[in-house]
Amino acid sequence: MSDDDKQNITLFLDAHQVKLKVDRDKEPIYREAAKRVNDAYGRYSRKLPNQPVEKLWVLTALEMAVNFQSDVREKNIQPVLEKVQELTTKIDNTLNKT
């Protein structure tokens, strides 16, 4: 992509300002990701107010990684589930013909 297809954005992750140059079509993804990170960090900071900031960020990073892995696994199994459904339908149709 050319620089014309890029956009400068500023995200706020808790008290941290992050300036990035991103593909224009991915800008909403970055904003949604920042929102999710802030939501998770906020939950941990409210539930664990006496914990150091570093631990809150580690817990937030772990939650984001677990969510990502869950999405990857769910996405990877979806084609298999669709094929099983297709085969089940074919078997049912074949059995119902006799």
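Since every read-out is calculated from the coordinates, none of them should be taken as a lab result. Predicted model, so just to flag it, every value in this text is computed and none were measured. Glycine also receives a Cβ, built like all others from the backbone with ideal geometry; neighbour counts cover every protein chain displayed.
Key figures for this structure:
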| quantity | calculated |
| --- | --- |
| Any hit, the range 28-41, residues being over 19 Å from the mean Cα position of the chain (by Cα) and without any contact (Cβ under 8 Å) to a residue 60 or more places away in the chain | no |
| Qualifying residue in the range 52-59 (condition: within 30 Å of Asp39 (Cβ to Cβ) and touching a Ser or Thr at 6+ places or on another chain (Cβ under 9 Å)) | yes |
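Quick grid of which residues meet (1) surrounded by 13 or more Cβ atoms within 10 Å (Cβ to Cβ); (2) among the small types (Gly, Ala, Ser); (3) without any contact (Cβ under 8 Å) to a residue 12 or more places away in the chain:
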| site | (1), (2), (3) |
| --- | --- |
| Lys6 | yes, no, no |
| Lys21 | no, no, no |
| Leu56 | yes, no, no |
| Val72 | no, no, yes |
| Glu86 | no, no, yes |
| Asp92 | no, no, yes |
| Asn96 | no, no, yes |
